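Enquirer: Handing you this structure, nothing more for now.
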Amino acid sequence: MDWDNLRYFLELARSGTLQSAARRLEVDHTTVARRIQALEKQVGSPLFSREADGHRLTEAGRRLQPQVEAMEGAFRAVESAAPTSHEGLSGVVRIGATEGFGTIVLAPQLALFAGRHPKLLIDLLAMPRLVHLSRREADIVISLERPARGPVLVTKLTDYTLRLYASKKYLAKHQPIKAREDLRGHTFISYVDDLLFSKELQYLDELYKPDAFALRSTSVLAQYEATSAGAGIAVLPAFIAGRDKSLRRVLPDQPQAQFTRSFWMSMPAETKHLARMRAVWDFLRQTADMQKDVLLPE
C-alpha cells in the first residue's frame, strides 16, 4: 500500500477539507482528491463522506486512522534518526498564535531564527481567533487557555500584562479620570462579545460596564489603532500599547485597571522528537523569557 496515499488520508482526516489538506501538503487540492480515491479503491470502501462543509470520516475511515497514525509515528522516528537529520534544521513548522503576540513579539524574532536556518520554513498564523492543534491547523499553538485534554505536550509560556489606555488627545477633551466611577459616560473600544474566542478576553466585565462603544472589533490591533487615534478607552496588552508614546494609562494606580493573562504553548506529543519541532519550541520559550520586561512591565 502506497504510504503517500495514507499520508494524504491522514492530512484530510485532520484538516477536514481538501483545500486545507492541500495547503499543508503543498500540493493542489485535486492531487489530494486523486490520492484519496486511489486509497479508497485499494481498501474497497469509502473513507470519507463528502458534506457541504468538508470531508468527514466514515466508519471505515475511523478504523483506519489510528493505524495510519501509528505508521506516521514510526516514520517520524526513522526520519529523526537518519544521518541527514543532523545536517541542519529543515522542513516546515507552522505556529499558531494570538494576533497581537504573534505580530508584535514573535514575528521579528522568528524571521531572524529562520534566517539562521535556510532549509527551515516558518509559517506564522497570527490570527484573532483560536488556532486548533487538534485539527492540525498548526504544529505548535500558543493560546490563552491551557489545552484541556489530548496527547499533547503543554507548557506555560509566559504571563503578560494588560492595562487601561487612552490617547493624550482623548484625555485632553474629557474630565480627569481619577476613580473607577469617573469612567461613567466615557466611550470604550473593545471586543465583539459574541465573537470572543476565549473567556480570558472578558476584561471589562471585571472593571466597568461601558455606556457606549466607539468601536468593537475581533482584532486587538484594530482596537489599538482606534485607541491611538483618540476614539476612546481600551484594555490593551502592555507589549502593544506601552510602545506608543501618544497613549497614557488610565487609572494607573488602580489594581482593577490592570490585568494579567497567560500564554500556553502546546504541540502533539508524537512530534516532540523531531529536531525542527524541538528547536522551534525551545526558541519560542527563549523568546518569551527575553521579552519578559515587555510582556510584564513594572
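The values are calculated or read from the model by the stated rules, or taken from the named source; none is laboratory data. Being a predicted model, the structure only gives us computed values, none of them experimental. Positions of Cβ are generated from backbone atoms using ideal geometry, with glycine treated the same way; all protein chains shown enter the neighbour counts. Just so you know, the surface numbers come from the protein's heavy atoms only, side chains and all, with ligands and any DNA or RNA stripped out. Shrake-Rupley method; radii C 1.70, N 1.55, O 1.52, S 1.80 Å.
Enquirer: When you scan region 260-272, do you find a residue that is in contact with a strand residue (DSSP E or B) (Cβ under 8 Å, 6 or more places away or on another chain), modelled with pLDDT of 90 or more and more than 22 Å from T158 (Cβ to Cβ), even just one?
Expert: Looking through region 260-272, none of the residues is in contact with a strand residue (DSSP E or B) (Cβ under 8 Å, 6 or more places away or on another chain), modelled with pLDDT of 90 or more and more than 22 Å from T158 (Cβ to Cβ).
Enquirer: Only residues that are open to solvent by 40 Å² or more (accessible area, probe 1.4 Å) and not in a helix (DSSP H, G or I): list them for region 267-290, please.
Expert: Result: K272, H273.
Enquirer: Need the failing condition index for R94 against (1) buried (at least 19 other Cβ atoms within 10 Å of the Cβ); (2) outside any strand (DSSP E or B); (3) not aromatic (F, W, Y), just the number.
Expert: (2)
Enquirer: Kindly establish whether S266 is within 24 Å of S167 (Cβ to Cβ) and hydroxyl-bearing (S, T, Y). Working first, answer last.
Expert: Working: within 24 Å of S167 (Cβ to Cβ): no; hydroxyl-bearing (S, T, Y): yes.
When the stated conditions are applied, S266 does not pass them.
Residue-wise test of (1) closer than 18 Å to D2 by Cβ; (2) open to solvent by 60 Å² or more (accessible area, probe 1.4 Å); (3) of a type outside the set (V, I, T).
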site	(1), (2), (3)
K41	yes, yes, yes
S45	yes, no, yes
F48	yes, no, yes
D53	no, yes, yes
T58	no, no, no
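Enquirer: Does L296 count as over 18 Å from the mean Cα position of the chain (by Cα) and open to solvent by 30 Å² or more (accessible area, probe 1.4 Å)?
Expert: Against the criterion (over 18 Å from the mean Cα position of the chain (by Cα) and open to solvent by 30 Å² or more (accessible area, probe 1.4 Å)), L296 qualifies.
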